[in-house]
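Below is one structure, written out as structure tokens; comments come after it.
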Amino acid sequence: MATWGLIVEMTVGTGERKHMEASVLAHVEGSREEALAELGEWIGRYTPEHPRSPKRSRVFRTADGFLLVIDGAWQTFSSRFTVAELVKDSAAPQPQPVPSPVPSPEDAAPPPAAPPEDAAAAPSGPTVDRYADGVPVKPAWLGRTDLP
């Protein structure tokens, strides 16, 4: 399954310092059509920094995404939304190896033999006061001297 980057290239700055900068909005796993649909949703939520007072906004569909053109009071600003397949990512997390199932000691050991009926009548350890739901009234750690 392909991973697609949802990329926006937007106009930043003003006057002679106006230039384009790109950033990745999100990644989408699936088909190109699914990525384009997700990109279309991003355009509805996108609010560019410039212009501060937009006069007119137009969205154009292109072969690989969308072009948003916004006319401001003095200048026009644009944002290009593109879907691109991720080919390489130097900061991608390394795939985790799938651990092989290790048999638990309970699976390997035979079930314990049933205690003799005489032993079931007498408790083997100290009795613990418990609430009706089975929770001990006094926690096991309370009163231990080996804890900080």
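Only the coordinates and a few stated rules stand behind these numbers; no lab work does. None of these values were measured; they are calculated from a predicted model. Here Cβ is always computed from backbone atoms with ideal geometry, including for glycine, and neighbour counts include all displayed protein chains.
Using θ = phi - 60° in the Karplus curve 6.51 cos²θ - 1.76 cosθ + 1.60, the 3J(HN,Hα) couplings for region 62-73 round to 10, 5, 10, x, 9, 10, 9, 10, 10, 8, x, 5 Hz; x is entered for Gly and Pro. Projecting label points 7 angstrom from Cα along Cα→Cβ for Val135 and Ala37 puts them 4.6 nm apart.
When region 1-79 is described by a simple charge dipole with +1 on each Lys and Arg Cβ and -1 on each Asp and Glu Cβ, the residue from Leu39, Trp74, Met10 located farthest towards its positive end is Trp74. Place a point 7 Å from Cα of Gln75 in the direction of its Cβ. Which residues in region 1-28 have their backbone N less than 15 Å from it? Backbone N within reach: 10-21. The spread of Cα positions in region 1-87, taken along each principal axis and listed from longest to shortest, comes to 45, 22, 20 Å.
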